[in-house]
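The values are calculated or read from the model by the stated rules, or taken from the named source; none is laboratory data. From a predicted model like this one, the values you see are computed outputs, not experimental measurements. With ideal geometry, Cβ positions are generated from the backbone for all residues, glycine too; neighbour counts draw on all protein chains shown.
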Amino acid sequence: MEFKKFLPWIIGIGTILIIVQWYINVTNGAVEVDQAVKKEWGNVETTYQRRNDLIGNLVNTVKGAADFEKSTLTAVIEARAKATSITVDPTNATAEQLAAFNSAQSGVSSSLSKLLVSVERYPELKTNENFLKLQDELASTENQILTARTRFNESVEVYNIYVLKNPRKLVLSDYKEKALFKAVSGAEKPVEVKF
């Protein structure tokens, strides 16, 4: 008889404990996926920083060719400066911020491509061991950038699915959908190669 008297209290307290435990699990899960996105963004920034560091070394190596086009070097230096001035906070990354970041990085890629094409006219550079090593490292870094961006998008996808699914989104209103990296405008068009 005494047990039946406390049964509603036991059920009520048990229900409350289950809800509290669910809430804790949901918020802890959100923290985990949010931290994964931040980590992957850090990896993206690290690979772009590696490219920027290599570009500095490449520019200094190319400057050694006395008659090399100064305008090409200036374009690379300016694009690199612009790219390093744009920062993105992964906790509040918007599509617009990522587009601006992507556009600046695209400018670096474009000016760097022009630099590498113009090097073809300088046989002493094409045989320079430091230049060849830097060129190989840049190619490797571009692959690392692709990998880092892909992993960032994968972590954003996991995060977005986690915070946007019902019923979790009811308690995770502070966690907003994050933007994915997208290709720069015009990337879908084939590249025209001229010799």
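Some notes on this structure:
- One residue stands out in the stretch 132-150 among those that are crowded, with 16+ Cβ neighbours inside 10 Å and within 16 Å of VAL44 (Cβ to Cβ): the one that is farthest from the chain's Cα centre (by Cα), namely THR141.
- When THR94 is tested against (1) within 15 Å of LEU180 (Cβ to Cβ); (2) among the hydroxyl-bearing types (Ser, Thr, Tyr); (3) modelled with pLDDT of 85 or more, just one condition goes unmet, and that condition is (3).
- Of the criteria (1) under 27 Å from GLU40 (Cβ atoms); (2) free of Cβ contacts under 8 Å to residues at least 40 places away in the same chain, which one GLU129 fails: (1)
- Among the residues making up the stretch 59-98, those that are more than 15 Å from the chain's Cα centre (by Cα) and not in a helix (DSSP H, G or I) are GLY64, ALA65, ALA66, ASP67, PHE68, GLU69.
- Close contacts from the stretch 8-37, counting a first residue that is more than 15 Å from PRO167 (Cβ to Cβ) and a second that is of a type outside the set (D, E, K, R) and modelled with pLDDT of 95 or more, with Cβ to Cβ under 6 Å and a gap of 6+ residues or different chains, come to VAL33/VAL158; VAL33/TYR159; VAL33/TYR162; ALA36/SER155; VAL37/SER155; VAL37/VAL156; VAL37/TYR159.
- When residues in the stretch 115-129 are screened for being assigned to a helix (DSSP H, G or I) and either of a type in the set (A, V, I, L, M) or crowded, with 16+ Cβ neighbours inside 10 Å (or both), 6 of them pass.
- Screening THR46 on (1) modelled with pLDDT under 85; (2) loosely packed, with under 15 Cβ neighbours inside 10 Å shows it passes everything except condition (1).
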